[in-house]
Amino acid sequence: MTQNSFTHHCRQEADTTALAQKLALSLNHLFLSNHSAHLNISLEGDLGAGKTTFARHLIQSMGYEGRVKSPTYTLCEPYSIHIKSSDPHQSGSITAHHFDLYRMRDPLEWQEAGFAEHFDEPGFCLVEWPEKAEDTLPAFDIEIHLIAGDDENERRITLKAISSQGQSVLDKAHSQ
Ligand code: ADP
Ligand code: MG
């Protein structure tokens with residue numbers, strides 16, 4: 001049977017960074033082979049669990065060189081990422097939309113803000129606090145759950161594939 005859920009015990013932030021890097025490599029591989037691919041990824045866990053930290057390392061590991069700040073007040077921050085390949089003809093750009101829905105007052109506020117179109121643009125959506133949208137979001141390909149451990153810097157991070165596209169991304173990330 002295919003393994004669709006992978007749990008990682010991260011003892012320090014560097015372990016979380018390394019995990020985000022593995023996922024970044026796999027996503028870059030997908031986008032280089034299909035420039036119009038789109039993925040939805042959720043980031044779930046309590047305040048301070050490390051959702052924004054994971055998103056920051058993921059976006060920067062994919063090649064984004066600027067600052068990745070928390071979208072707490074804006075609900076959504078876009079990042080244009082140029083994915084480089086050793087073959088310059090293969091290189092291409094995609095957009096990552098990083099959401100934090102914690103402050104939404106209404107489950108449909110994300111639609112009223114005009115964000116629906118981002119859920120099928122080439123690239124991917126990373127959504128913190130998807131539960132605030134109460135099942136009104138498009139389906140996720142991958143769910144990421146972060147849980148704090150006993151130690152201050154310890155986290156348990158589970159990556160779960162929901163779609164077949166999500167499964168191939170996670171398989172590739174875990175084969176490196
Ligand atoms: P969230 O977005 O889930 O509310 P943040 O990413 O903003 O959480 O904050 C997580 C905090 O925990 C950051 O200050 C980060 O430096 C710290 N941290 C410590 N250890 C880890 C770890 N192993 N993984 C992720 N973050 C960690
Ligand atoms: Mg956050």
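Taken along the Cα-to-beta-carbon direction at a fixed 7 Å, the label points for Glu65 and Glu152 span 3.4 nm. Considering only Thr136, Thr95, Thr16, the Gaussian network model of the chain with Cα springs below 10 Å gives its largest mean-square fluctuation to Thr136. Taking the chain as a Gaussian network of alpha-carbon nodes connected by springs under 10 Å, the highest mean-square fluctuation of the residues Leu108, Leu19, Leu27 belongs to Leu108. Taking Cα centroids, how far is the range 1-47 from the range 148-176 in Å? Comparing the Cα centres of the range 1-47 and the range 148-176, I get a distance of 6 Å.
Largest first, the extents of the alpha carbon coordinates of the range 43-168 on the three principal axes equal 43, 40, 31 Å. Estimated at 0.36 nm per residue, the fully extended path between Gln3 and Asp15 surpasses their Cα-Cα distance by 2.2 nm.
How would the range 69-139 be classified by its alpha-carbon gyration tensor: rounded, prolate or oblate, with rounded meaning a/c under 1.5 and the a/b versus b/c comparison settling the rest? It is prolate, given that a/c is not under 1.5 and a/b is the larger ratio. Entry note, the chain: relative contact order of 33 percent, from Cα contacts under 8 Å with a spacing of 6+ residues. Around the amide H of Asn40, modelled in the peptide plane, lie the amide H atoms of Cys125, Asp141, Ile142, all under 5 Å away and 5 or more residues distant in sequence or on another chain.
The numbers here are math on the coordinates, done by the rules we state, and not lab data. All figures in this text were calculated on a predicted structure; none of them were measured in a lab. Heads up, the Cβs are rebuilt from the backbone with ideal geometry, glycines too, and the neighbour counts pull from every protein chain shown.
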